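Undergrad: Next up is a structure, given as structure tokens.
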Amino acid sequence: MSADSLSAALDATSADLLAYFERRVLVREDAADLLAEVMLQAWRRVDSLPQAPERRRMWLFTIAAHVLANQRRSSRRRAALADRIRQHLTEVNEPDHAEALTVQAAVRDLAVAHRELIMLVHWDGLSLAEAAELLGLNPSTARSRYSAAREALREALIEIADVARTG
């Protein structure tokens, strides 16, 4: 089938397809995204466009039904994943969580140059050489800055522990 035939079928049916989606989704903007996906899939399958003009509308609605089903499955999977993540986060051991928050706070209180090196190396898993490259630092400057950052962090954590002990 020709691209002209598909273009004509989409022109004749797109308003109905948009209304179809708008009645089935919660967010109106999602309907436009779903319609765009139908158009994309129709163009990919232009060779399957029915010859009979009266069948083209149903062909497009069939694609729309599949697109909507895929969108709903994806939404359910995302919701299930979010539920599993929430469950995991609620199972986090509170003392460990409190300790992690304390370390995060201490890191945030470091000087910007020190904080970024500590975060890149310890939280983002970069080597010191990679962190230096990312920050545009000479490797020797990064090493000395990292050493100072570790010392500042150590002192901050000792201070926090002392405050916690003395109450």
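Undergrad: Take the alpha carbon gyration tensor of region 69-131, find the square roots of its eigenvalues, order them as a ≥ b ≥ c, and report rounded if a/c is under 1.5; if not, report prolate when a/b exceeds b/c, else oblate.
TA: Values: a/c = 3.62, a/b = 1.77, b/c = 2.04.
Cα axes put region 69-131 in the oblate bin.
Undergrad: Tell me, what % of the accessible area of region 1-112 is carbon and sulfur with a 1.4 angstrom probe? Display every interim value, and only then the final one.
TA: Details: 4110 of 7640 Å².
After summing per-atom areas, the C and S share lands at 54 percent.
Undergrad: While we're here: Return, for the Cα atoms of region 26-163, the radius of gyration and Dmax in Å, separated by a comma.
TA: Calculated on Cα positions, Rg and Dmax stand at 26.8, 82 Å.
Undergrad: What are the extents of the Cα atoms of region 110-162 along their three principal axes, listed from largest to smallest and rounded to whole Å?
TA: That gives 36, 19, 15 Å along the principal axes, largest extent first.
Undergrad: In Å², what does the accessible area per residue of region 18-167 work out to with a 1.4 Å probe? List each step's numbers first, then the result.
TA: Working: 10470 Å² over 150 residues.
Here the residues of region 18-167 average 70 Å² of exposed surface.
Undergrad: I'd like the distance separating the alpha-carbon centroids of region 24-39 and region 119-141, in whole Å.
TA: If you average the Cα positions of each part, the centres end up 43 Å apart.
Undergrad: I would also like to ask the following. What percentage of all Cα-Cα pairs in region 31-91 are separated by more than 12 Å? Numbers along the way, then the final one.
TA: Details: 1335 of 1830 pairs.
Above the 12 Å cut-off, region 31-91 has 73 percent of its Cα pairs.
Undergrad: On the principal axes of its Cα set, how long, how wide and how thick is region 1-53? Give whole Å, largest value first.
TA: Computed over region 1-53, the largest-to-smallest principal extents equal 35, 18, 13 Å.
Undergrad: Okay, moving on. Tabulate in residue order the Karplus-calculated ³J(HN,Hα) for region 5-10, using 6.51 cos²θ - 1.76 cosθ + 1.60 with θ = phi - 60°, rounded to whole Hz; enter x for Gly and Pro.
TA: 5, 5, 4, 5, 5, 5
Undergrad: Something else now. Counting alpha carbon pairs within less than 8 Å and at least 6 residues apart, what relative contact order, in whole percent, applies to region 41-167? Walk me through the numbers before you get to the answer.
TA: Numbers: 52 pairs, mean separation 21.2, N = 127.
About 17 percent, as a whole number.
The values are calculated or read from the model by the stated rules, or taken from the named source; none is laboratory data. The shown structure was predicted, so the numbers you read here are calculated from the model rather than taken from an experiment. These area figures cover heavy atoms from the full protein model, side chains too; ligands, DNA and RNA do not enter into them. Shrake-Rupley method; radii C 1.70, N 1.55, O 1.52, S 1.80 Å.
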